[in-house]
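Comments concern the structure below.
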Amino acid sequence: MLSAIATATIFGLVQQVNQKNLEETIGHLVSFPTRHTLSGAVGVDRAADWIKQEFEKVGGNLKVSKQTW
């Protein structure tokens, strides 16, 4: 069972979810032509770069990096 503080924190975070923003994010992700691991610069790399840029917009103490194999 969650503590009252944890429950309040989770509730506060859920309240911040913006449906329009979520729909736009999902729409953008599905717009990449393919995202399988061998798609390279056309698919998975472009999608990963976009996701990295979106996390970098958060700012603050969030450290963002992209793993390459």
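Structure data summary
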{"read-out": "Pairs where the first residue, in segment 6-25, is on the phi < 0 side of the Ramachandran plot and without any contact (Cβ under 8 Å) to a residue 40 or more places away in the chain and the second is in a loop (DSSP other than H, G, I, E, B) and of a type in the set (A, V, I, L, M), C-beta under 8 Å, 6+ apart", "value": "Ile10/Leu2"}
{"read-out": "Selection from segment 17-61 of residues that are touching a Phe, Trp or Tyr at 6+ places or on another chain (Cβ under 9 Å) and open to solvent by less than 60 Å² (accessible area, probe 1.4 Å)", "value": "Leu29, Phe32, Ser39, Gly43, Val44, Ala47, Trp50"}
{"read-out": "Test: Glu54 is assigned to a helix (DSSP H, G or I), acidic (Asp, Glu) and under 11 Å from the mean Cα position of the chain (by Cα)", "value": "yes"}
{"read-out": "Residues within segment 1-12 that are open to solvent by 70 Å² or more (accessible area, probe 1.4 Å), aliphatic (A, V, I, L, M) and modelled with pLDDT of 90 or more, tallied", "value": "3"}
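The values are calculated or read from the model by the stated rules, or taken from the named source; none is laboratory data. If you're wondering where the values come from, they're calculated on a predicted model, not measured in any experiment. Note that we place each Cβ from the backbone using ideal geometry, even for glycine, and neighbour counts take in every protein chain shown. Ligands, DNA and RNA are excluded from the accessible area calculation, which covers all protein heavy atoms including side chains. Shrake-Rupley method; radii C 1.70, N 1.55, O 1.52, S 1.80 Å.
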